[in-house]
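The values are calculated or read from the model by the stated rules, or taken from the named source; none is laboratory data. Bear in mind that the values here come from a model prediction, so they are computed numbers and not experimental data. Cβ: placed from backbone, ideal geometry, glycine included. Neighbour counts: every protein chain shown. Protein only, heavy atoms only, side chains kept; ligands, DNA and RNA dropped before computing areas. Shrake-Rupley method; radii C 1.70, N 1.55, O 1.52, S 1.80 Å.
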There are 2 protein chains.
Amino acid sequence: MVADNADGGADTPAVILVRPQLAENIGTTARAMLNCGLTDLRLVAPRQSPLADKAIAASAGADSVLRAARIFDNTESAITDLQHVYATTGRNRFMVKPVETPRRAAAGMRDFIAVGQRCGVLFGPERTGLENDDVALADIVVTVPLNPDYCSLNLAQSVLIIGYEWFQAGDPAEPRAMTKGAQPPATRQELLGFFRHLEDELDACNFFRVTEKRPSMVRNIRNLFERADLTAQEVRTLHGIVGELVTLRQPKNNG
Amino acid sequence: MVADNADGGADTPAVILVRPQLAENIGTTARAMLNCGLTDLRLVAPRQSPLADKAIAASAGADSVLRAARIFDNTESAITDLQHVYATTGRNRFMVKPVETPRRAAAGMRDFIAVGQRCGVLFGPERTGLENDDVALADIVVTVPLNPDYCSLNLAQSVLIIGYEWFQAGDPAEPRAMTKGAQPPATRQELLGFFRHLEDELDACNFFRVTEKRPSMVRNIRNLFERADLTAQEVRTLHGIVGELVTLRQPKNNG
């Protein structure tokens, strides 16, 4: 099979599993890839088929990635079409090679692919990781910064971290958005209407006992509601709450 | 069990699994946590024990996290000591609540913890995710930006992404300035105490006329107060407001 015939390999990085041992891990890798919009899966001398039942089951619906996966005899033939190859390693190999975080590598791959250059990332076998000969084929090493006392990512988790950073690098995350659905925020007029309602009722029940403190207390109360960035509907709800709480307070039935 | 007795809960976010179904997923969660330096695992009504064989095996050596895990009957009791609660969701709940990426949430949690405030992240059951009532207990929603056409993170992968971002955020960032001066934010226990007070009074005045609508109305009301990021003092003020508004409602002088 020729790598140049890749379906979706040009505009996303290839994920290259070198000698993966278990079909299940090929499946979970496919799942992690598709989560991150990656579809170009290449397998170097896998011990089990990407179409084994366990792989399909573990892919949790990402079997399209498995079906498009391509199998190669050795690492070299799997990367012939690539211009930039990254090798993931969990430990320092003491090679003279740049070592990048996933975040930096993702930004780099975005840049390369934006100018039409192909990228791929090598992942080693589950237990042993990449051999030095495989790492030597890469131009850049990627290491995930994690707890130095316990670093035990499985194959699909390593793929997920790289894919996650790839996805984030392409999607300048929206600043803190509010999920308000169709709810418009309250106008200041609506907000002030609620403040007056509340403060009138608080005056009526003598909440502001110490007159000199009333202004600062009012400010503090207004503050906390202002911080909530209320919708118009929520202001109506608050009106309702205050109204109901005080309804029975009127000595209506005393006469 | 009392959450305040957490061993390592003060300087790292708590990971709170709400009604996890499978012991294996508790184990892989522990593994993902320890990879990222997280150790405070809390389980709400788990169907299987964190010390089940499958959990221990799946933890791949992170069983220290499982052994220290604490079990709670409900979500509320699992978060009483926390000051900032994040809810992970895969889809928009149309609640009026800030939605953050894992990266932003991690930076926020670093800032909070740097000034001594406790944080935790809620993760829902495997198949269904968090219920709206659980999401309503959080002040911030976290959603992982991933392939919109295929977003199928499993439990441990979600935990890994949050933990990974937490770990990455630990390097240089200076804590951002907090704008509340010396006022500490309310604990969830304080906030829940206010909610109960308010809801009891609203029940007493028959505010929730339509029984079926009560849960969603309660959620909406809790939401708006949670967004305000209340201080302990402000919660006391709100108690005072509700208390005063209803004081004369009692027919004390009717006899």
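Okay, here's what the table says:
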read-out: Amide H partners (placed H, <5 Å) of B:Phe72, local residues excluded; value: B:Leu43, B:Val44, B:Ala45
read-out: Area accessible to solvent at B:Val210, 1.4 Å probe radius, in Å²; value: 70
read-out: 5 angstrom amide H check on A:Val142, placed H, neighbours 5+ away; value: A:Ala87, A:Thr88, A:Thr89, A:Glu100
read-out: Heavy atoms of A:Ser64: accessible area, 1.4 Å probe, square angstrom to 10; value: 70
read-out: Two-site FRET efficiency, A:Ala10 against A:Ser49, from Cβ-Cβ distance with R₀ of 41 Å, rounded to 0.05; value: 0.95
read-out: Shielding score for A:142-153, defined as the mean number of other chain Cβ atoms within 10 Å; value: 5
read-out: Buried accessible area, chains A and B (both chains, 1.4 Å probe, Å² to nearest 100); value: 5700
read-out: Positive-end extreme of charge dipole, region B:76-133 - chosen from B:Ile113, B:Val99, B:Phe123 (charges on Cβ); value: B:Val99
read-out: Rounded to the nearest 20 debye, dipole of region A:45-119 from Cβ charges on Lys, Arg, Asp, Glu; value: 280
read-out: Whole-Å distance, taken between Cα centres, linking region A:42-102 and region A:112-140; value: 8
read-out: Carbon + sulfur, % of accessible area of the protein assembly as shown - ligands and nucleic acids excluded, 1.4 Å; value: 50
read-out: Accessible surface ranking that places the most exposed of A:Met33, A:Met217 first, with a 1.4 angstrom probe; value: A:Met217, A:Met33
read-out: Computed [θ] at 222 nm, helices only, for the protein assembly as shown once each DSSP H run of length n ≥ 4 contributes -39500 (n - 2.57); value: -12500 deg cm²/dmol
read-out: Under 5 Å, built H, 5+ apart or other chain: amide partners of B:Asn147; value: A:Cys36, A:Gly37
read-out: Neighbour-limited loop hits for trypsin sites (Lys or Arg not before Pro), region A:42-82 (at most 15 other Cβ within 10 Å; DSSP other than H, G, I, E, B); value: A:Arg47
read-out: Accessible area of B:Phe208 in the full protein assembly, 1.4 Å probe (Å², nearest 10); value: 20
read-out: Nitroxide proxy distance, nm - points 7 Å out along Cα→Cβ at B:Asp73 and A:Glu126; value: 4.1
read-out: Over the protein assembly as shown - Rg/Rh using Cα atoms and the Kirkwood inverse-distance radius; value: 1.06
read-out: Candidate residues B:Arg103, A:Arg219: accessible-area rank, largest first, probe 1.4 Å; value: A:Arg219, B:Arg103
read-out: Solvent-accessible heavy-atom area per residue, rounded to whole Å², over the protein assembly as shown at 1.4 Å; value: 45
read-out: Bridge type composition, the protein assembly as shown - antiparallel percent by DSSP, nearest 5; value: 10
read-out: FRET efficiency, 1/(1 + (r/R0)^6) with R0 41 Å, evaluated for B:Ala114 and B:Ala204 via beta carbons; value: 0.45
read-out: Cα centre as origin, Lys/Arg/Asp/Glu Cβ charges: chain A dipole, Debye; value: 1020
read-out: Largest-first ordering by accessible area, 1.4 Å probe, given options A:Asp203, B:Asp53, A:Asp81; value: B:Asp53, A:Asp203, A:Asp81
